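To keep things clear, I will list the structure first and then write my remarks on it.
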Amino acid sequence: MIRREQKLRMRIDEMDTINADVISRGFNSITVGEWDSISPWDEFLEGTNIHLGKRSSGWKFIWNWNDGKYYKTKQELFKFIRDGRVVDEYGQQIDVEEFITMALEWGKDDGWDIETYYTEYPERKVTPLTRKYEEYIDGLRVSTSTDFS
């Protein structure tokens, strides 16, 4: 984080903060890819707040695979979690082992996934579209989307 802060300060010092074009682009002065740019603040925050998954009453825990950006296997996911810290949506830090256990146990025996939900409620008609919302990777229920709103 100290290196990130130093880089942020350097980027801000180098930025032409009175340039109307820079201001109109929301200070997005760092080019990423061919067409996109981000602000020094976005660069500073990149990778510091990774959404890991979601639990909902009645459903099995669903992991946010983050498009494979940080981990691609169950083993890599758990290493990633153990190398960092887990903070819930209320800002409370959670023991990483307790989080992993909770996620693996949540709805394990009686929770729904897409298949079990539509088997129990056949009138709701599973479609190819609803099937694509989740998949299983190394036995973990994983969302195919990164949008968990």
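Observations, loosely collected:
- Tallying residues that are free of Cβ contacts under 8 Å to residues at least 12 places away in the same chain and either closer than 18 Å to GLY91 by Cα or buried (at least 17 other Cβ atoms within 10 Å of the Cβ) (or both) within region 49-70 yields 1.
- Out of ARG85, ARG25, one residue alone is open to solvent by 70 Å² or more (accessible area, probe 1.4 Å), in contact (Cβ under 8 Å) with a residue 12 or more places away in the chain and charged (D, E, K, R). It is ARG25.
- For region 98-143, a tally of residues being over 21 Å from SER57 (Cβ atoms) and in contact (Cβ under 8 Å) with a residue 24 or more places away in the chain returns 3.
- Residue within region 52-59 that is over 25 Å from ARG141 (Cα atoms) and of a type in the set (Ser, Thr, Tyr) present: no
- Where LEU77 falls short, out of the listed (1) under 26 Å from ARG131 (Cα atoms); (2) in contact with a helix residue (DSSP H, G or I) (Cβ under 6 Å, 6 or more places away or on another chain); (3) open to solvent by less than 30 Å² (accessible area, probe 1.4 Å): (2)
- Verdict on TYR90 being of a type in the set (Ser, Thr, Tyr), out of contact with any strand residue (DSSP E or B) (no Cβ under 9 Å at 6 or more places or on another chain), part of a loop (DSSP other than H, G, I, E, B) and open to solvent by less than 80 Å² (accessible area, probe 1.4 Å): no
The values are calculated or read from the model by the stated rules, or taken from the named source; none is laboratory data. These figures come from a predicted structure and were not determined experimentally. Quick reminder, even Gly has a Cβ in these numbers, built from the backbone with ideal geometry, and neighbours come from all protein chains shown. These accessible areas exclude ligands, DNA and RNA; they are computed on the full protein's heavy atoms, side chains included. Shrake-Rupley method; radii C 1.70, N 1.55, O 1.52, S 1.80 Å.
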